[in-house]
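I have placed the structure first, in the form of structure tokens, so that the comments after it can refer back to it.
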Amino acid sequence: MKSGGRILILDGQTNQALACVRSLGKAGYDVRVASHERMSLGAWSRFCSGSFHLKGQTVEAFADLREWAISEGITIALPLTERSCVLCNADRSAWENAGITVGCAPDEKLQAAFDKAVTIRRAQELGVTVPTTEIPGSYDDAVSAIERIGFPCVIKPRWSNAWNGKRFLPTQAPTYANDRDQLLAILSAHDRQSSWPLLQSFVPGQGKGIFLLCNRGTIIAHFAHERLRDTKPTGSSSSLRRSIAIDDRLMEPARKLLADFKWHGPAMVEFRDTGISPPTLMEVNGRFWGSLQLAIDSGVDFPSLWVSILRGNAVEPVTEYKAGQTLRWFSGDLKRLFFILRGAPAGYVGDFPTVGQGLREVFGRQPAGTRSEILRANDPFPALGEMIGGLRDLVRWRDISDVPEPEVALASISEPAASATAERMNGVAQISPVEIREATPDELEGWDELVMGFQNYRITHKRSWMQSLQSTVKGQPLYLIYTKANRIVGCIPGFLTNVGPVRLFGSPLQGWQTVSMGPAFDRKSVSTDELIQPLIQYLGSRYGVHHVEIISSELDQQVMQDLRFRSEPLPTYRARLFPDSYNDSMRAMKDSARRNVRRGIKLGLEVKFETDDAFVDEHYDQLREVFARGGASLPFSKRRALDFFQYMKASGNLVAVSAYLPDNGPNIATGMFTIEGRELLLWMWTHRTEFRWYRPTELMTWTVMKKAMDVGCDTFDFMGRGDFKAKFGAELEYSKHRWTWSRYEWLAVSRSLAIRAYKSQQAVRGKMIRRAMFHDHRNLRDHHLN
């Protein structure tokens with residue numbers, strides 16, 4: 001044994017763990033490392049003399065770790081992340097009774113520091129500058145806070161690693177809203193069973209941190225740094241950082257906070273600083289931080305100081321260090337590039353780097369004197385370990401990796417869903433799990449009758465809609481059946497398609513002009529986790545699918561996030577219809593729409609329902625014109641429009657309509673709608689620009705609405721945004737979500753890049769079409785003048 005004693009460093013996969021291993025190993029301690037990841041970064045160091053692989057981040061796994069630590073003669077255990085601190089504190093007395101000192105604050109202090117709401121309240125009481133913050137306790141509280149917060153605003157989880165006493169709840173990333181609709185959509189999607197998030201005003205400025213080590217409220221050492229590059233451009237740990245001299249504008253509020261907490265141990269107090277206004281407190285982290293190596297390189301050896309305090313030794317305060325030291329985390333820069341390629345998150349208004357800037361950051365010249373955080377001449381192997389881990393993550397980045405196995409997933413889903421699943425597993429579900437298979441020929445023949453047996457089906461689930469997509473998608477249609485106890489409890493249609501070597505399943509994919517799809521199912525018999533886990537496993541094992549997209553308003557959002565699906569709310573305008581009263585539906589419309597309906601009737605516009613295929617030529621031409629006027633090209637071919645017309649007509653669901661000028665005048669507006677059950681759905685509508693003065697769309701749509709009400713429709717989905725749709729009494733809603741899952745992170749990045757490239761291509765094509773149209777109109781005008 002080395003002279004200093006045996007120290008256990010937890011969270012060996014982190015940068016701060018490697019910094020602790022190197023610091024304490026050089027100081028003469030016998031250092032061991034534990035991590036839930038194999039071949040963790042700290043275990044590669046020559047200063048590590050042993051390691052332990054945790055089976056997970058659970059109380060049971062930490063009990064196994066404790067038994068190993070006892071057998072190894074460990075005297076001090078240093079948890080370095082919030083999760084490890086929580087798990088050590090969950091049975092702290094067992095560690096201490098075994099003679100092992102736990103190197104983190106006790107639970108009551110940690111929870112106060114980790115709870116952002118508590119931190120904000122205490123900071124406000126102390127006069128520390130904080131973002132304008134609301135801490136709602138309900139949806140109504142959150143809605144009423146909108147005016148006080150203003151826009152843009154940040155929706156931030158109250159805990160970074162929420163713990164319910166048994167397990168950690170899924171980590172929620174901050175989201176952003178620029179207007180009321182965006183904020184309401186985010187709030188409406190929030191899991192009511194977990195704590196409500198904080199609402200904060202957006203704070204600009206550079207990230208700066210004050211790092212302190214306290215001995216029962218007395219500051220023993222301090223250090224400060226500024227972030228030159230964040231790994232995640234919206235805010236996170238840094239990939240390039242520099243030590244700075246202590247600034248009293250930062251130090252005083254940090255000192256106040258930790259004195260109020262009566263803090264014992266290391267802590268980081270994070271600020272945003274514009275250099276003009278007082279620095280704004282962002283959060284307090286009651287543990288070691290990712291840029292710990294920079295502090296050590298600058299002359300403040302926090303790990304050795306903290307272990308000396310834990311051992312009861314007298315420690316002299318450290319008040320001086322080198323400012324201007326710059327440290328780079330190369331893997332952090334690579335991760336940053338991936339985030340840049342993925343694009344700014346929805347609603348984010350801060351500066352976001354370009355792809356070119358990201359490439360220069362990775363491969364270009366760095367600030368003078370920059371050192372590598374991981375690669376050190378006297379300890380080179382961690383750099384090799386990081387490279388191997390980076391290659392593994394590039395292929396299989398864990399934040400969107402394979403869906404958990406069923407027995408693991410139960411422990412990872414939200415508490416209400418887990419309880420419900422557990423109840424089901426005590427009954428029939430335990431002996432009758434949900435199975436998934438392809439529809440038999442007989443089931444395919446009666447597919448429409450099958451899906452209509454589920455209350456949450458839509459026309460998009462029916463076979464005619466799938467057939468209308470066939471020529472556009474150019475993939476393999478897949479009709480899947482869910483069974484439970486030999487009874488059909490759900491079904492999901494979709495297409496298998498390839499992009500190079502990548503296989504995708506869409507139900508639907510983006511660009512299919514399909515309002516929703518996903519599973520139609522019996523809500524009382526099957527849950528979201530029972531539907532989606534078998535689906536991912538079946539698609540992967542049976543067809544080798546790498547990427548899945550589903551649009552649905554029926555899936556449990558928390559469970560989907562737990563299964564590593566990403567969510568994109570899809571706004572649409574929806575109006576209520578009154579089948580028993582045209583007048584009630586008319587009164588729900590805005591005055592301008594009612595006037596334009598009456599005006600169209602007075603002008604003698606003729607509205608006709610169309611059944612001839614020739615209608616599609618006129619409709620598509622009008623669509624091309626209106627898209628070009630907006631600077632874009634149509635995202636689908638005439639063949640797609642014709643297939644939609646023909647298959648919807650054959651199924652009896654189509655409502656194709658035109659508005660004509662009186663006395664056999666020209667066609668000035670067209671639209672295609674569907675009616676299925678009690679729902680009227682808009683597919684596409686348009687009008688001729690030169691005749692827009694007649695406002696034909698209002699009369700045309702009102703005529704369709706009356707037809708729909710005649711057959712009992714009581715809801716009208718306008719299929720997407722467009723403020724014009726509110727004229728018909730429609731309200732914006734965000735009940736539908738596009739759920740995307742990728743086996744590999746690079747697929748998610750590639751999807752984002754492809755969407756951005758497609759939108760850019762559409763914009764360029766639209767400008768070319770608009771220029772050509774302008775050229776044609778000018779030639780026609782010159783011809784008439786001559």
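The values are calculated or read from the model by the stated rules, or taken from the named source; none is laboratory data. Owing to the predicted nature of the structure, the values given are computational and were not obtained by experimental measurement. All Cβ positions, glycine included, derive from the backbone under ideal geometry; neighbour counts span all protein chains shown. These area figures cover heavy atoms from the full protein model, side chains too; ligands, DNA and RNA do not enter into them. Shrake-Rupley method; radii C 1.70, N 1.55, O 1.52, S 1.80 Å.
Determine the dipole magnitude for the chain: charges of +1 sit on the beta-carbon of Lys and Arg, -1 on that of Asp and Glu, nothing else is charged, the reference point is the Cα centre, and the result goes in debye to the nearest 20. My answer is approximately 1900 debye. Dividing the summed helix terms, -39500 (n - 2.57) for each DSSP H run of n ≥ 4, by the number of residues in the chain produces a 222 nm estimate of -12000 deg cm²/dmol to the nearest 500.
At q = 0.17, 0.24, 0.29 Å⁻¹, what log₁₀ I(q)/I(0) does segment 554-613 have when each alpha carbon counts as one equal point scatterer in the Debye sum? The Cα Debye sum returns log10 ratios of -0.81, -1.08, -1.15.
Converting the Cα gyration tensor eigenvalues of the chain into ellipsoid dimensions via √(5λ) gives semi-axes, longest first, of 56, 30, 25 Å. Label separation (A245 vs F636): 6.5 nm, computed from points 7 Å beyond Cα along the C-beta direction. With the biggest extent put first, the Cα atoms of segment 84-129 measure 43, 14, 12 Å across the principal axes.
By the Cβ-Cβ criterion of under 4.7 Å, the unpaired cysteines of the chain are C20, C48, C88, C153, C214, C491, C713.
Among beta bridges from DSSP that stay inside the chain, the antiparallel ones total about 80%. Does segment 631-671 classify as rounded, prolate or oblate by the C-alpha gyration tensor (a ≥ b ≥ c root eigenvalues; a/c under 1.5 gives rounded; else a/b over b/c gives prolate, otherwise oblate)? Oblate shape, in that a/c is at least 1.5 and b/c is the bigger or equal ratio. Solvent-accessible surface (1.4 Å probe) assigned to S201 amounts to roughly 20 Å². Think of a 1.4 Å ball rolled over the protein heavy atoms: segment 539-664 then has 46 Å² of accessible area per residue.
Pairs over the 27 Å Cα-Cα cut-off, from the set K638/K725; K608/K727; K608/K638; K474/K608; K109/K335; K55/K116: K474/K608; K109/K335; K55/K116. Taking all protein chains as present, what is the carbon and sulfur share of the accessible area of the chain, in % to the nearest whole number, probe 1.4 Å? Reported share for carbon and sulfur atoms: 51 percent. Note on segment 594-707: Cα Rg divided by 2.2 N^0.38 Å, N the number of residues, gives 1.03.
Averaging 1/r over every pair of different alpha carbons in segment 306-365 and inverting the result gives a Kirkwood radius of 15.4 Å.
The fraction of all Cα pairs in segment 1-88 landing in successive 10 Å bins from 0 to the largest distance is 20, 57, 23, 1, given as whole percents.
Comparing T670, V355, A520 along the charge dipole axis of the chain, the residue lying farthest to the positive side is V355, per the Cβ-charge model. Taking 0.36 nm per residue of separation and subtracting the Cα-Cα distance, full extension of the segment from D140 to K706 would add 200.2 nm.
Taking a straight line from the alpha carbon of K322, these lysines sit under 22 Å away, with near neighbours fewer than eight places off in the same chain left out: K26, K208.
Summarised in one figure, the compactness ratio Rg/Rh of segment 121-270, Cα atoms and Kirkwood Rh, is 0.99.
For segment 1-147, dividing the convex hull volume of the Cα atoms by the residue count gives 155 Å³ per residue. Accessible surface computed residue by residue for segment 116-224, with neighbouring protein chains in place and a 1.4 Å probe, gives 43 Å² per residue.
Can you compute the FRET efficiency between S735 and M452 using 1/(1 + (r/R0)^6), with r the Cβ-Cβ distance and R0 = 22 Å? Round to the nearest 0.05.
0.60
Largest accessible area first, the residues L228, L531 order themselves as L228, L531 under a 1.4 Å probe with ligands, DNA and RNA left out. When the alpha-carbon atoms of segment 227-308 are used, the pair Rg, Dmax equals 13.3, 39 angstrom.
What the Cβ-Cβ distance of R167 and S188 gives, at R0 = 25 Å and to the nearest 0.05, is a FRET efficiency of 0.45. Spin-label model, N486 to T132: label points 7 Å out along the Cα-to-beta-carbon direction sit 6.4 nm apart.
Sorting check: for 142-151, 76-85, 29-38, 712-721, which peptide has the highest mean count of neighbouring beta carbons within 10 Å, and how do the rest follow? Let's see the in-between values first.
On the way: 142-151: 15.3, 76-85: 24.7, 29-38: 22.6, 712-721: 18.1.
The peptides rank, most packed first, as 76-85, 29-38, 712-721, 142-151.
Each of N653, S237, A730 was scored by the projection of its Cα onto the charge dipole of the chain, and the greatest displacement toward the positive side belongs to S237; charges sit on the C-beta of Lys, Arg, Asp and Glu.
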